[in-house]
1. Roughly how many whole Å is it from the C-alpha centroid of region 16-67 to that of region 73-133?
2. If I take R0 = 35 Å and measure r between the Cβ atoms of ASP124 and LYS39 in this structure, what FRET efficiency does the formula 1/(1 + (r/R0)^6) give, to the nearest 0.05?
3. Angle between the Cα long axis of helix 57-69 and the longest principal axis of the chain, 0 to 90 degrees, nearest 10?
4. Please work out the FRET efficiency for the pair LYS131 and GLU94, using the Cβ-Cβ distance as r and a Förster radius of 30 Å; give the result to the nearest 0.05.
5. Starting from the Kirkwood radius over alpha-carbon pairs of region 10-82, derive D by Stokes-Einstein at 10 °C in a medium of 1.306 mPa s and give it in µm² s⁻¹.
6. Among 114-127, 73-86, how do they line up from the highest to the lowest mean number of other beta-carbon atoms within 10 Å?
7. Calculate the spin-label point distance for ALA69 paired with CYS7, positioning each point 7 Å from the Cα along the beta-carbon direction, and give it in nanometres.
8. At 222 nm, what value in deg cm²/dmol follows for the chain if DSSP H runs of at least 4 each add -39500 (n - 2.57) and the sum is divided by all its residues, to the nearest 500?
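Each reported figure results from applying straightforward, stated rules to the coordinates on display, with no laboratory input. Because the structure is a prediction, the values reported are computed rather than measured. Cβ placement follows ideal geometry from the backbone for every residue including glycine, while neighbour counts extend to all protein chains displayed.
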Amino acid sequence: SDFCPICLLAIPFRMSEHSEFRACCMKTVCNGCDLAALKGGLGDSCPFCRATCPQNNDESLDMIMKRVAARDPEALCHLGCLRINGACGLEKDESRAFELWSEAAELGSTEALAKIGGAYYSGDYGVAQDKAK
């Protein structure tokens, strides 16, 4: 998503420089809303869902797994990305990542659908190259 879910303004490219991903709600919040929440007294809470922000990878992974258990398509897609890179202490597993992306795409994640399309186009992540798909 290229728009902040709070202010609904477009987040400029190099989104990693202008926003922060929140594992608690799977939202990417712009730096402006982050700053406004901090000045408003939210402290270490997420400006979108008000949950306490994770302090380490284990807490972050726990939040993600709760949302995966609830079949949140964005959480499934994000977990697939973590699996593909072996991040947050997870074992690198391309086939499992592709399964997670497929499930997320079935549930409506356009990001997961784009990742699957890219994998088929380039023949990455253990799938045969198929530019027509």
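1. Spelled out, the Cα-based centre of one part sits 24 Å from the other.
2. On the way: r = 43 Å, r/R0 = 1.23.
Once rounded, the FRET efficiency stands at 0.25.
3. 70 degrees
4. 0.95
5. On the way: Rh = 12.8 Å.
Calculated translational D: 124 µm²/s.
6. On the way: 114-127: 15.7, 73-86: 21.2.
Packing order, densest peptide first, comes out as 73-86, 114-127.
7. In this crude spin-label approximation the distance works out to 3.6 nm.
8. -14500 deg cm²/dmol
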